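Here is the structure we will look at.
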Amino acid sequence: MKRTLTVSLLVMCLVLLGSGFVLAAYDFGGRTVRMVTHDMTRDGLWGDPLAQAHLENVEREFNVKLDIVAMHYDDGSIINDLQQGLLAGTADGIYWVKVGEAYQYANEGFFYPLTDLDIPESIFDQVVDPELLTFRGDRYFFIPFTGTVTQLATRQMAQQPDFEGLVWNKTKFEQWGLPNLYELVEAGEWTWDKFREIAIECTRDLDGDGAIDVWGYSPYATPWGFPEVHNWLITNGADVTTVDETGRTVFALDSPAALEALNFYQELHQLGVVYTGQPGYQAITNDLVMMAIIRPWTLFIINDFEDDLGYVPLPKGPRRDDYVYPAVSGGLYAMAIPATTKEDPEALVALAHAAMFDTPDYLDFYGLDFLYEDSWSMVVRDYESLEYLIQGVFNTEFIKYDSSVFLSTNFFNTWNEYNSRILNGESPASVVASFKDAAQAQLDEMLNFDL
């Protein structure tokens, strides 16, 4: 039977509208400003009465009409729209982008540099490394996690940060006599070794026909090409690059910690405990796996599924003492201003912050954990899950340079040739060595140009 959590009205107290509204410092003269979003319509993100009233207030105070244009980022629509506008000299307004992929566009001059501007503080500045929002020393991106602030302020289910953690089938774990993962995390015993052991025990032929019916776990979204390997790199304290004593960014996938992670990744797949036919959130609700790696936007499965599902961080590798929540910059949404803007870029940034509720005038920036508690308590079934999810917000670690622009190949795509060679049994050290020189050449061109 599902357990429900008491949801507070804290957010309603934190959001200040009406008489508490601070007059805008900018006047757009009644002009229309486009905001190009990833799949978020005006009615979708600002659909409830509270958000509608807020957005209308913002438009009045800034003397502007916001044209919210929903496009899908992953099919290239947003970047194509931006590029066409840049070529015509008409690109303007505010664009949502994926930061990890947008570094290359910053390098090509797509965005207005914000380094010397007075950029308002974001509620997410406390959890996002500011270096992620810069490229070659200049800042181009603002409001990380884009629409998430609005979701928090209006008590919708927050879909970001895009960190990864593990959902486990508590009902079946108990029925099968498997360990309680909450107890393992609390005792500091939730490790790669324990994860491997449990994944092996979960992988079973239930009907005796010689074919596996249930697997140990499923990655986040292998069928879509989304990465898995970053999970094992980050939970073992590894990264794809490091900075040497001269300040040069150097390739680091051949470090001991990284190779240990790649070997563990390979071992799990060779053991046959990984199901890759469906994204994790689908595989676990279709009873194909006992554990699934998910991102927060899929949390709805916990509330919808008949079995009791719990949430924990990913297990820690031998080189870490703490639990972290892996992410890649290619999954980090933020906003950017086109280089050809005819509007005051500071005014555009201020408008975006106001529209998203992302200023201390509307939200208590010291209450971010309570905002997430209100948001996610509506979908989880126990306090342990809620606690670990909120910990994820404050303990997300990103791999910044995960794209092919820096590595010469899209290594983090699950179906990339080098990734496939690892999964097919080739030594990870050999695979990494085969593209190290090309990757370093790319890093030198993109990041070490002035050394």
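Which distance in Å, rounded to a whole number, links the C-alpha centroids of the range 421-435 and the range 380-416? The range 421-435 and the range 380-416 have Cα centres spaced 22 Å from each other. The magnitude of the dipole of the range 320-427, with charges of +1 and -1 set on the Cβ of Lys/Arg and Asp/Glu and taken from the Cα centre, is near 580 debye.
Each of THR41, LEU117, LEU443 was scored by the projection of its Cα onto the charge dipole of the chain, and the greatest displacement toward the positive side belongs to THR41; charges sit on the C-beta of Lys, Arg, Asp and Glu.
Among rounded, prolate and oblate, which fits the range 320-432 when a ≥ b ≥ c are the square roots of the eigenvalues of its C-alpha gyration tensor, a/c under 1.5 means rounded, and a/b larger than b/c means prolate? Judged from the Cα gyration tensor, the range 320-432 comes out oblate (a/c at least 1.5, b/c at or above a/b).
Stretched out straight at 0.36 nm per residue, the stretch from GLN52 to TRP297 would grow longer than its current Cα-Cα span by 85.9 nm. Please name which of GLY317, ASN395, ALA327 has its Cα lying farthest along the dipole of the range 315-451 towards the positive end, using unit charges on Cβ (Lys, Arg +1; Asp, Glu -1) and the Cα centre as origin. So the residue we want is GLY317.
Thinking of the range 107-193 as a set of Cα atoms, what percent of all their pairs are more than 22 Å apart? Beyond 22 Å sits 54 percent of the P(r) for the range 107-193.
Spin-label model, ARG204/ALA187: points 7 Å from Cα along the beta carbon direction are separated by 2.1 nm. What GluC sites (Glu not before Pro) does the range 186-246 have in DSSP loop regions with at most 11 other beta carbons within 10 Å? Loop-located and lightly packed - GLU245.
For the chain, adding -39500 (n - 2.57) for each run of n ≥ 4 DSSP H residues and dividing by the number of residues yields -10500 deg cm²/dmol at 222 nm.
Report, in debye and to the nearest 20, how large the dipole of the chain comes out about its Cα centre when Lys and Arg carry +1 and Asp and Glu carry -1 on their Cβ. Don't skip to the end; give the middle numbers.
Values: 26 positive and 68 negative charges, 93 e Å.
Rounded to the nearest 20 debye, it is 440 debye.
Using only Cα atoms, find the angle between the long axis of helix 383-394 and the longest principal axis of the chain, and express it within 0 to 90 degrees, rounded to the nearest 10. Helix 383-394 sits roughly 60 degrees off the main axis of the chain. Sorting TYR372, TYR311 by the number of Cβ atoms found within 10 Å of their own Cβ, with the fewest placed first, yields TYR372, TYR311. Once backbone amide H atoms are built at 1.01 Å from N, VAL69 has MET35, VAL36, THR37 as its partners under 5 Å, excluding neighbours fewer than 5 places away on the same chain. Taking the DSSP bridge list for the chain and keeping only pairs wholly inside it, about 55 percent are antiparallel. Applying 0.36 nm per residue to the separation of GLU417 and GLU445 and subtracting their alpha-carbon distance, the gain on full extension is 7.8 nm. Straight Cα distances below 29 angstrom link LYS436 to the lysines LYS98, LYS316, LYS400, with same-chain residues fewer than 8 positions distant left out.
Based on alpha-carbon atoms, the Kirkwood radius and the radius of gyration of the range 60-132 give Rg/Rh equal to 0.98. Across all Cα atoms of the range 198-259, the radius of gyration (one decimal) and Dmax (whole number) stand at 18.0, 60 Å. Here the range 373-451 yields Rg over Rh of 1.21, to two decimals, using C-alpha coordinates and the Kirkwood radius. Projected label points at LYS342 and GLU197, each 7 Å from Cα along the beta carbon direction, are separated by 6.8 nanometres.
Against the longest principal axis of the chain, how steep is helix 345-355, in degrees 0 to 90 to the nearest 10, with axes from Cα atoms? That helix lies at roughly 70 degrees to the long axis. Full extension of the chain segment joining ASN286 with ASN80 gains 70.5 nm, where the gain is 0.36 nm per residue of separation less the Cα-Cα distance.
Could you state the angle between the C-alpha long axis of helix 428-447 and the longest principal axis of the C-alpha atoms of the chain, as a value from 0 to 90 degrees rounded to the nearest 10? The two axes meet at around 10 degrees. Panel order for LEU389, LEU423, by other beta carbons found within 10 Å of each beta carbon, from fewest to most: LEU423, LEU389. Looking at the square roots a ≥ b ≥ c of the eigenvalues of the Cα gyration tensor of the range 165-239, which shape do they give, rounded for a/c under 1.5, prolate if a/b is larger than b/c, or oblate? Since a/c reaches 1.5 but b/c is at least a/b, the shape of the range 165-239 is classed as oblate. Each distinct pair of alpha carbons in the range 329-369 adds a 1/r term; the inverse of their mean, the Kirkwood radius, is 12.2 Å. In the chain, taking the dipole from charged Cβ atoms about the Cα centre, the farthest positive-side position among ALA25, ALA258, GLY367 is held by ALA25.
Which log10 I(q)/I(0) values, to two decimals, does the chain give at q = 0.05, 0.06, 0.08, 0.12 Å⁻¹ under the Debye formula with one point per Cα? Treating every Cα as an identical point scatterer, log10 I(q)/I(0) equals -0.19, -0.27, -0.49, -1.07. Listed from fewest to most Cβ neighbours within 10 Å, the set VAL274, VAL69, VAL243 follows the order VAL243, VAL69, VAL274.
Every number here is computed from the coordinates shown, using simple stated rules; none is lab data. Because the structure is a prediction, the values reported are computed rather than measured. Cβ sites come from the backbone with ideal geometry, for glycine too, and all protein chains shown count toward neighbours.
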